[in-house]
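The values are calculated or read from the model by the stated rules, or taken from the named source; none is laboratory data. All of these numbers come straight from a predicted model, not from anything done at the bench. Note: ideal-geometry Cβ built from the backbone for every residue, glycine included; neighbour counts use all protein chains shown.
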Amino acid sequence: MNPQQFVSEYEAALATQDWTAVEPLMHKDVCVTFSSGAVHRGLIAVQKAFEGNFAAIACENYKVSNIHWVQETPDTAIYLFDFDWTGI
């Protein structure tokens, strides 16, 4: 899977609001920063944060945009992105 395919699969996985769809795309040392500034480090912390969001937001519509590739090599890809969401 190339980095652009990863972004598409990540967006689709998040749209399911099901951690079992998201987890295969995560590295064990994943680090996620939310727009609130909260930083979640490690697979278990990220899982808890995502599952908390999934439980709190019904009918979520999640969209990735404004992708900026910081680094892209055969072994590593780092990107930043904006997201928009709506939900109940």
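Among the residues of segment 41-64, some residue qualifies, meaning at least one is under 19 Å from Ile78 (Cβ atoms), in contact with a strand residue (DSSP E or B) (Cβ under 9 Å, 6 or more places away or on another chain) and modelled with pLDDT under 95. Name every residue in segment 1-25 that is within 20 Å of Glu60 (Cα to Cα) and aliphatic (A, V, I, L, M), in order of residue number. Within segment 1-25, Val7, Ala12, Ala13, Leu14, Ala15, Ala21, Val22, Leu25 qualify.
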